[in-house]
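Heads up, the thing below is written out as structure tokens.
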Amino acid sequence: MQTILGKIKTTIFHSTTGFFVGLFKVKEVKSEELKDLENKTITITGVLLEPNEEEIYALTGSYQRHDRYGMQFQFTSYEKVLPEGKDAIIDFLASPLIKGCGIKTATQIVNIFGDDALEKIKEDVNNLLLVPGMSPKKATRIYLSVLEHSKIDDMLLALKNKGFSINEATKLINTYKDKTLVFLEENIYFFKEMIPFDKLDHLYLKDNDAYSLVRQKECVIESLERISNKTGDTFALEEEIIDEMKSSFKLVLSLEELGNLLDGLEEEQRILKTEEGIYLAKYALMEDDIAHLLKRKLTYPKKELVHFLDKIAGLEDLLGVKYNKEQKEAIKTALENPVTIISGGPGTGKTTIVEAITKLYIEMYKISPITVTNTIALIAPTGRAAKKLSLSTHLPAMTIHRYLKWNKDTNDFGVNEENKNPHKLIIVDETSMIDTYLFSSLLKGTYENSQIVLVGDTFQLPSVGAGDILKDLVNSKLFPYISLETIYRQSLNSYIPILAKEIKEESLDASFKEKKDDYNFITCESKHIKELLKQILQKSMEKGIKLDDVEVLAPMYKGENGIDNLNVLLQDLFNPKSKDKKEINYFDVTYRVGDKVLQLVNNPEANVYNGDIGYIVGIETEKQAEIIIDFDGNQVIYSKDELNMIKHAYAITIHKSQGSEFSHVIMPISKNYYKMLYNKLIYTGVSRAKKSLVLLGEEESFLMAIHNDYASKRKTGLLKKLLV
């Protein structure tokens, strides 16, 4: 690493996260190889808090060539350098940085205190009163300016000395401002919203006892978080907490010791103890809010529809469809009731029903095209599900996060109980994917007299986050619930919806071995899956099937036939290395122009969300890299540090496929997937296929999965709270 000293000459770019690009006048270098840079102006890039052209900076990093922008000094850390020598100190005190101090006053201060002038000022404001003609008011202004100048530098230094990187320190100071050092001293775990818990725990243990009360309490809270993340439960049992404390934090506690910690945490209102188990306070409050707000909705009267059969007949003529009895019941119920739940597997007509609900609602209330978007909201957990909803209704749809104006930095929603959305009818698709946090936020962000229609599939995998919302609402029997059972085949030999239903009912017919118009089971051993998969896809490409229309779904990332290995194979097939294509390495993964990629996290500022699939359309450079990904016309730029937000999407997990539909699905079935072969997972994967489905692997593994109810029942308190 190399160090240069100098001043910022021009700011070219400075982001809210601190990333800085600018011109820098080099005054001094600390290595002979950079001697030619002295007294020259160069480009610098790195993370910098509050850049100021009046200050002297020592930057540590490396001088290297950027493919697009030429030579740059890329710094990884920096320090502000206090001026040295009487002339430098006079210039600094007389600069715009210091309020109330001109050249004359600055000279007098330095004449009295010499080279220690700045330290004397910071030491005691009264020292300035020794300067002739200095008033208390003027002394205070100078004193506060000098302190302000050094405050951020002191915070950065303290955080770096503690073990935080410059990026982490910048993030903390940007978020917590003047309180940063207070939290650092009082309880470093306060930063866990910004910094991984394990790193904070490591830094804490450098100076503190592993069994300190502070650490034990924080580890209890983190254990509850981790149990919830692993199981989807909203509360945990004491035995589970003890096991997690031991395995994750090497803390061995008795039930009595844990009980004392829980008592203290409950007094601090961080947890809630109930007969069922131990809640993080946030989940208890979320469940309370959901139960209260839904029961408030039930106090509103049912709306009576006049001439419904005539209206539905007219709609059938308009759309060229014919609704069956259960579909008509679902449409009528949704239009009449404050809360309605509609569930059904693939091919049962959920999409058709949603279209009918929106069209009849618009007709009934004479809603104009201008006001429809302020009256009806169509929302879903993922971007792809929202797009599907929009295509089926010919109305705008969006993700729930976007609808609620989510701020990823604070993890808060701009739409909330104090700033509600005005919509009268809210239709939520893929409801099985919605967790406790998201559902409680949605209810708080809408008026209690609005109607809400929850559409989903009760047999699909539950949400990734804590809770089992759809199942709990159905089991409460408080809300009208219509289960769609009739399957509409796409052709006389269409099999996908039939197979999904048989998997759900664990009553698989022997015909699953037979080739159909839209289905094929190709039997092979696990070791041959990759080669057969390659052959199938090559034939598909020869038939003109596009990459965007086919998706490989598998249960897990690791292993011989895991997602990671499959993506390497499929990248070589669909997008092989070429001199004409730029590429970049991120750890052991190579991304190149043309790659199909999956977004892993929500990024509302860029209008891209967890589960969205896009294509790399540009790679600007290999150093300080930028890649450009196109998500259905929305182009988003990623720096190299942000590549942890994406993965290749030639093959994706079944969990990540929820809320999406693919024209053609290929799903390997291998004993190597172990306990990930269970009924709900296979059902979810099968139900993603729209036009064709190929299962590839061992019949015995497939049959085992169909009869494996591994998906455990989640522990939640919502059902009980709804029934109180």
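The values are calculated or read from the model by the stated rules, or taken from the named source; none is laboratory data. From a predicted model like this one, the values you see are computed outputs, not experimental measurements. Neighbour counts run over all protein chains shown; Cβ positions are idealised from the backbone, glycine included. Keep in mind that these areas ignore ligands, DNA and RNA; they rest on the heavy atoms of the full protein, side chains included. Shrake-Rupley method; radii C 1.70, N 1.55, O 1.52, S 1.80 Å.
For region 414-437, a residue qualifies if it is under 19 Å from ARG296 (Cβ atoms) and outside any loop (DSSP other than H, G, I, E, B), and the qualifying residues are ASN416, ASN419, ASN421, LEU425, ILE426, VAL428, THR436. Looking at GLY114, GLY133, just one residue is in a loop (DSSP other than H, G, I, E, B) and more than 30 Å from GLU32 (Cα to Cα), and that residue is GLY133. Would a scan of region 393-405 turn up a residue that is open to solvent by less than 40 Å² (accessible area, probe 1.4 Å), among the hydrophobic types (A, V, I, L, M, F, W, C) and out of contact with any helix residue (DSSP H, G or I) (no Cβ under 7 Å at 6 or more places or on another chain)? No, that holds for no residue. Among the residues of region 82-96, is any farther than 26 Å from SER145 by Cβ and either in a loop (DSSP other than H, G, I, E, B) or open to solvent by less than 40 Å² (accessible area, probe 1.4 Å) (or both)? No, there is no match, as no residue in region 82-96 is farther than 26 Å from SER145 by Cβ and either in a loop (DSSP other than H, G, I, E, B) or open to solvent by less than 40 Å² (accessible area, probe 1.4 Å) (or both). For region 230-259, a residue qualifies if it is open to solvent by 50 Å² or more (accessible area, probe 1.4 Å), in a helix (DSSP H, G or I) and in contact with a strand residue (DSSP E or B) (Cβ under 8 Å, 6 or more places away or on another chain), and exactly one does: GLU238. Residues of region 293-309 that are modelled with pLDDT of 95 or more and either crowded, with 18+ Cβ neighbours inside 10 Å or among the hydrophobic types (A, V, I, L, M, F, W, C) (or both): LEU293, LEU294, LYS297, LEU298. Is region 8-28 home to any residue that is in a strand (DSSP E or B), charged (D, E, K, R) and without any contact (Cβ under 8 Å) to a residue 24 or more places away in the chain? Yes, region 8-28 contains a residue that is in a strand (DSSP E or B), charged (D, E, K, R) and without any contact (Cβ under 8 Å) to a residue 24 or more places away in the chain. Only residues that are over 11 Å from LEU404 (Cβ atoms), aliphatic (A, V, I, L, M) and open to solvent by less than 10 Å² (accessible area, probe 1.4 Å) were counted in region 415-442, giving 5.
Residue count for region 535-566 under the criterion of being in a helix (DSSP H, G or I), exposed (fewer than 15 other Cβ atoms within 10 Å of the Cβ) and without any contact (Cβ under 8 Å) to a residue 40 or more places away in the chain: the result is 5.
Could you grab me the full set of residues in region 197-229 that are open to solvent by 40 Å² or more (accessible area, probe 1.4 Å), under 21 Å from SER463 (Cα atoms) and modelled with pLDDT of 95 or more? Before the answer, list the steps.
Initially, region 197-229 is screened for residues open to solvent by 40 Å² or more (accessible area, probe 1.4 Å), giving 198-199, 202, 205-209, 211, 213-214, 225-226, 229.
Then keep just the ones that are under 21 Å from SER463 (Cα atoms); that gives 225-226, 229.
Of everything in region 197-229, those that are open to solvent by 40 Å² or more (accessible area, probe 1.4 Å), under 21 Å from SER463 (Cα atoms) and modelled with pLDDT of 95 or more turn out to be GLU225, ARG226.
Assess whether LEU262 counts as being part of a helix (DSSP H, G or I), at pLDDT 95 or above and open to solvent by 70 Å² or more (accessible area, probe 1.4 Å). For LEU262, the condition - part of a helix (DSSP H, G or I), at pLDDT 95 or above and open to solvent by 70 Å² or more (accessible area, probe 1.4 Å) - is not met. Residues in region 673-719 that are under 21 Å from VAL552 (Cβ atoms), part of a loop (DSSP other than H, G, I, E, B) and among the charged types (D, E, K, R): ARG688, GLU698. Within the set ALA356, ALA313, the sole residue that is in contact (Cβ under 8 Å) with a residue 12 or more places away in the chain and not in a loop (DSSP other than H, G, I, E, B) turns out to be ALA356. Criterion first (out of contact with any Leu (no Cβ under 8 Å at 6 or more places or on another chain), among the acidic types (Asp, Glu) and surrounded by fewer than 17 Cβ atoms within 10 Å (Cβ to Cβ)) does ASP588 satisfy it? Spelling it out, ASP588 is indeed out of contact with any Leu (no Cβ under 8 Å at 6 or more places or on another chain), among the acidic types (Asp, Glu) and surrounded by fewer than 17 Cβ atoms within 10 Å (Cβ to Cβ).
State which residue is least open to solvent (accessible area, probe 1.4 Å) when the search covers only region 123-156 and only residues that are closer than 19 Å to LYS104 by Cβ and among the basic types (Lys, Arg). Lay out the reasoning, then the answer.
Just the residues of region 123-156 that are closer than 19 Å to LYS104 by Cβ, to begin with: 127-143, 145-146.
Adding the requirement that they be among the basic types (Lys, Arg) leaves 137-138, 141.
Working: LYS137: 159, LYS138: 67, ARG141: 121 Å².
Ranking the qualifying residues of region 123-156, first place goes to LYS138.
Against the definition (surrounded by 15 or more Cβ atoms within 10 Å (Cβ to Cβ), touching a Phe, Trp or Tyr at 6+ places or on another chain (Cβ under 7 Å) and either on the phi < 0 side of the Ramachandran plot or part of a helix (DSSP H, G or I) (or both)), how does LYS160 come out, yes or no?
No.
Every residue, every condition in (1) acidic (Asp, Glu); (2) at negative phi; (3) at pLDDT 90 or above, yes or no:
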residue	(1), (2), (3)
GLY659	no, no, no
VAL665	no, yes, yes
ARG688	no, yes, yes
LEU695	no, yes, yes
ASP709	yes, yes, no
GLY717	no, yes, yes
LEU723	no, yes, yes
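Could you tell me whether any residue of region 98-110 is surrounded by 13 or more Cβ atoms within 10 Å (Cβ to Cβ), within 39 Å of the chain's Cα centre (by Cα) and within 23 Å of LEU157 (Cα to Cα)? Steps first, answer last, please.
Here is the first cut: in region 98-110, the ones surrounded by 13 or more Cβ atoms within 10 Å (Cβ to Cβ) are 98-101, 105-110.
Narrowing the set further to residues that are within 39 Å of the chain's Cα centre (by Cα) leaves none.
No, region 98-110 has no match at all.
Sort out for me the strands (runs of 3 or more DSSP E) sitting completely within region 567-660 that have 3 or more residues that are farther than 22 Å from GLY70 by Cα. Steps first, please.
Working: elements: 583-586, 589-592, 596-599, 613-619, 626-631, 634-639, 646-648, 651-653.
Per the criteria, 589-592, 596-599, 613-619, 626-631, 634-639, 646-648, 651-653.
Per this entry, GLU193 is not counted among residues that are under 21 Å from ALA281 (Cα atoms) and at pLDDT 95 or above.
Out of (1) surrounded by 14 or more Cβ atoms within 10 Å (Cβ to Cβ); (2) among the β-branched types (Val, Ile, Thr); (3) touching a strand residue (DSSP E or B) at 6+ places or on another chain (Cβ under 8 Å), the odd one out for ILE290 is which? Failing condition for ILE290: (3). Looking across ILE652, ILE646, one residue alone is closer than 18 Å to LEU695 by Cβ, out of contact with any Cys (no Cβ under 9 Å at 6 or more places or on another chain), buried (at least 21 other Cβ atoms within 10 Å of the Cβ) and modelled with pLDDT of 90 or more. It is ILE652. Taking the condition of a type in the set (D, E, K, R), closer than 26 Å to VAL415 by Cα and either surrounded by fewer than 20 Cβ atoms within 10 Å (Cβ to Cβ) or within 28 Å of the chain's Cα centre (by Cα) (or both), does LYS387 pass? Considered against the rule, which asks whether it is of a type in the set (D, E, K, R), closer than 26 Å to VAL415 by Cα and either surrounded by fewer than 20 Cβ atoms within 10 Å (Cβ to Cβ) or within 28 Å of the chain's Cα centre (by Cα) (or both), LYS387 comes out as yes. Of note, ASN602 satisfies the criterion of being touching a Ser or Thr at 6+ places or on another chain (Cβ under 9 Å), open to solvent by 20 Å² or more (accessible area, probe 1.4 Å) and farther than 29 Å from ALA500 by Cα.
When the residues of region 31-75 are filtered to those that are out of contact with any Ser or Thr (no Cβ under 9 Å at 6 or more places or on another chain), touching a residue at least 40 places away in the same chain (Cβ under 8 Å) and under 26 Å from GLU626 (Cβ atoms), the one that is most open to solvent (accessible area, probe 1.4 Å) is ARG65. Taking first residues from region 76-92 that are more than 11 Å from LEU118 (Cα to Cα) and partners that are basic (Lys, Arg) and open to solvent by 30 Å² or more (accessible area, probe 1.4 Å), the Cβ contacts under 8 Å between residues at least 6 apart in sequence or on separate chains come to SER77/LYS160.
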